[in-house]
Amino acid sequence: MEQNFKLFYGFIKNLREEPTLEKKNEKLYLLRQLEEEVIMFTIAKAEAIESYYDHSKYFAAYVAIMVAFLLAFSKVVPSYVSFIVTAIILLGILYAAVIEKKRRVEAIYLKSLLNQINIDKKNKYNELEKKAAV
């Protein structure tokens, strides 16, 4: 599972960071060739990644836990020691959130791109139906 995620994330990152417009267009062309079901599953995967790495919904809990930890720990050891330990733990949590935010941004990028491709495909299909009806 982790290997699949790394490949998925690598593809998204390479697509977004591609330096030349020509290469981006080649990859966009490949994405446009995907079948509707594959696009739907990929959008679902991107949404799952986006949700998994959304730490904003846990921020209040992190703060409450850190305050409780700081208060409880300060009764056992000097307050400056409890503050330092709490700060180190909080910095670790924040560092992980920043690193994982990059993954969330990549997933949002791919989801947005695939949604646009899906809309374009549906618009082209509707245009063909209108022409066929005339």
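The values are calculated or read from the model by the stated rules, or taken from the named source; none is laboratory data. This structure is a prediction, so every number in the text was calculated from the model and none was measured. Glycine also receives a Cβ, built like all others from the backbone with ideal geometry; neighbour counts cover every protein chain displayed.
Screening PRO19 with (1) within 25 Å of LEU110 (Cβ to Cβ); (2) in a helix (DSSP H, G or I) gives one miss only, at (2).
Among the residues of the stretch 78-90, are any closer than 28 Å to LEU34 by Cα and among the aromatic types (Phe, Trp, Tyr)? Explain how you work it out, then say what you get.
First pass over the stretch 78-90, keeping only residues closer than 28 Å to LEU34 by Cα: none.
Within the stretch 78-90, none of the residues are closer than 28 Å to LEU34 by Cα and among the aromatic types (Phe, Trp, Tyr).
For residues in the stretch 92-134 being among the basic types (Lys, Arg) and closer than 22 Å to LEU34 by Cβ, which is modelled with the highest pLDDT?
First pass over the stretch 92-134, keeping only residues among the basic types (Lys, Arg): 101-104, 111, 121-122, 124, 130-131.
Filter once more, keeping what is closer than 22 Å to LEU34 by Cβ: 103, 111, 121-122, 124.
Details: ARG103: 81, LYS111: 91, LYS121: 86, LYS122: 86, LYS124: 85.
My answer is LYS111.
When SER51 is tested against (1) modelled with pLDDT of 80 or more; (2) surrounded by 13 or more Cβ atoms within 10 Å (Cβ to Cβ); (3) within 21 Å of the chain's Cα centre (by Cα), just one condition goes unmet, and that condition is (2).
Quick one: which of VAL76, VAL63 is outside any helix (DSSP H, G or I) and exposed (fewer than 15 other Cβ atoms within 10 Å of the Cβ)? Let's see the steps before the verdict.
Values: VAL63 fails: outside any helix (DSSP H, G or I).
Selected residue: VAL76, the only one of VAL76, VAL63 that is outside any helix (DSSP H, G or I) and exposed (fewer than 15 other Cβ atoms within 10 Å of the Cβ).
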